[in-house]
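A short write-up of the structure that comes next.
The values are calculated or read from the model by the stated rules, or taken from the named source; none is laboratory data. From a predicted model like this one, the values you see are computed outputs, not experimental measurements. Positions of Cβ are generated from backbone atoms using ideal geometry, with glycine treated the same way; all protein chains shown enter the neighbour counts.
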Amino acid sequence: MEAQSTPPSGGTASELGRKMLRLHLTKDVGPIRTQRLLDHFGSVDAVLAASPGELERVEGVGRRVAAAVRAAREDASAEQEIAEAARGGARILCRYDPDYPWLLRRISDPPTCVYVRGTVQVEDALGVAIVGARKCSHYGVEQARRFAEGLARAGLTIVSGMARGIDGAAHLGALAAGGRTLAVLGNGLKHVYPPEHKDLADRIVAQGALISELPMDTAPDAHHFPPRNRIIVGLTLGVLIVEASERSGALITARLAADYNREVFAIPGRVDQGEYSAGVNRLIRDGSAQLVTTVEDVLDGLEEVGRVLKKELDLEGPKADGAPTPAPPAALPWSRLSEDEARILAAVAGEGASVEAIHAQAGLDPGRTLALLTSLQLKGAIRALPGNRFAPREGLAGEA
């Protein structure tokens, strides 16, 4: 793929994103076909310039799809979509833009483009999805809020689908903790669904983002929800199932999490309320999910990421007497860095390095890289820059 193109400050889409959006909006050209086209031709410009005969040589691209891709060159719908996004206060990120969510890019079928209203930060990759049934019990709502609040206080971003029931409770718990939360929608960002969540949507935008892969004016529809679940999973390190019946869509999310090599956690439900908990209890019984009863259980299950957060942050938040949680130290001498932290710091160039460059140079797996970047920020050793980049704090570069 060609070099990344960064959207201008306040811009709606990058130049590369505008071209990728043409493929994204082309009927029957989903993420998998898009990747095959890019792999075959080497760039989006080459894809859009290809003849129908050349396009048909790509696996899975027949005459009808080739004609649709060819027509995308002259189709005005991409520019119309960008204008609609601008009017709605949204940005459009293609998967080669530096601001595109880092972990989402690594699933097998990442959206070619996502619409974002609000902000997505690199730290949001330290996220946990909390999902469950729309029809839920009072107990389920309480647990969703309790876990979301505790995990948000521990520094994790809470991701859910803004649906009624468990999803809405999870977002509210994150907001109550002053944490970040992302809502992945099964409709375009021009709509709020359910409509009673309009105020919740505005609050999420202020402390996170609304995200969708669907065009701005796409109305809510049941068949949009299973595909959006892969985005919920792809944005996170793990998924927590709170309540789910045997037929709940949350079970689809759990299966996707296993497919994408994400952790799956479940809160046990009451055995005499199968309409709320039969599905989630079966996940635990079958060994498809780790049973959790506390926030610490989830952090332990996230292994390295959880250990960093448990060590660096006070899970209880403000003290009962109102005293604030102690702030992390402003700076940390090299002598107190672990060997892997030192490797990450060495990979952070003086002018700033991207997460992917740091990950490649340090030679650590993505989850550990993100955990250590968070740890070094909390210790005051590095600072975040725009465009998912990091740089050392002044006075630390070159110390040894």
### Query
What number of residues in region 100-120 are in contact with a Lys or Arg (Cβ under 8 Å, 6 or more places away or on another chain), modelled with pLDDT of 90 or more and assigned to a loop (DSSP other than H, G, I, E, B)?
4
### Task
Could you list, in sequence order, all residues of region 184-233 that are touching a Gly at 6+ places or on another chain (Cβ under 8 Å), part of a loop (DSSP other than H, G, I, E, B) and not acidic (Asp, Glu)?
LEU185, GLY186, LEU189, LYS190, TYR193, GLN207, LEU214, PRO215, MET216, THR218, ALA219, PRO220
### Criterion (over 21 Å from HIS197 (Cα atoms), of a type in the set (D, E, K, R) and crowded, with 22+ Cβ neighbours inside 10 Å) met by exactly one of ASP97, ASP167
ASP97
### Unique residue being surrounded by 15 or more Cβ atoms within 10 Å (Cβ to Cβ) and charged (D, E, K, R) when the list is GLU84, GLU74
GLU84
### Query
Just wondering, is there one or more residues in region 253-264 that are more than 20 Å from ASN229 (Cα to Cα) and either in the same structural domain as LEU376 (by TED's automatic domain parsing) or at pLDDT 90 or above (or both)?
no
### Message
Could you go through region 354-376 and let me know if any residue there is of a type in the set (A, V, I, L, M) and at pLDDT below 75.
### Response
no
### Message
I'd like the full set of residues that are over 21 Å from the mean Cα position of the chain (by Cα) and part of a helix (DSSP H, G or I), limited to region 123-145.
### Response
HIS138, TYR139, GLY140, VAL141, GLU142, GLN143
